[in-house]
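Where a number appears in this text, it was derived from the coordinates with a stated rule and is not lab data. Every value quoted in this text rests on a predicted model; they were computed, and no experiment measured them. Because the Cβ atoms are built from the backbone with ideal geometry, glycine has one as well, and the counts that use them run over all protein chains shown.
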Amino acid sequence: MINVYCYSKCSTCRKALKWLEDQKVSHKVIDIKEDHPDEATLREFHKKSGLPLKRFFNTSGMLYREMELSRKLPDMSEDDMYELLASDGMLVKRPLLVTDDAVIPGFKEDTWREATNTART
């Protein structure tokens, strides 16, 4: 099963969900604000993604800017970053695609196509 963590007011999330529908990819939508991943889940997602942890932060979000995280993140430990990401779903880069084999923060059509190729309905 493919899970997609989204925020309904996010235009990129809406675009990604439309793309999944158009591609006939079976998926479950999870509201990232109301049901965001906890710290253990984020650790699992990060490991599966193979990406730097900083890629999981929503750097264009208001909360990120208000907290001045661009200045603070370089000095934070990974444990602190996980704790921070788990504290508020609005800090997590969205949409967040989670498949059996991949975790992809953000929407890039070609990357999502490759990750969802086996999940067509």
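Tabulated data for the structure shown
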| item | result |
| --- | --- |
| Crossing angle, helix 78-87 versus the chain [Cα axis fit, 0-90 degrees, rounded to tens] | 70 degrees |
| Read-out Rg/Rh (Cα atoms, Kirkwood Rh), derived from the coordinates shown; its label in (1) 0.93; (2) 0.96; (3) 1.11 | (2) |
| DSSP bridge pairs, the chain: antiparallel proportion in percent, nearest 5 | 65 percent |
| Given 9/93; 15/54; 9/47, the pairs whose alpha carbons are separated by over 25 Å | 9/47 |
| Alpha carbon convex hull of region 80-121, projected area averaged over orientations, nm² | 3.6 nm² |
| For 60, 87, order by how many other beta-carbon atoms lie within 10 Å, fewest first | 60, 87 |
| J(HN,Hα) series, region 52-68, from Karplus relation 6.51 cos²θ - 1.76 cosθ + 1.60, nearest Hz, glycine and proline x | x, 4, 4, 5, 7, 8, 7, 5, 9, x, 4, 4, 4, 5, 4, 7, 6 |
| Gained length - residue 55 relative to residue 24, 0.36 nm times residue gap less alpha-carbon distance | 8.4 nm |
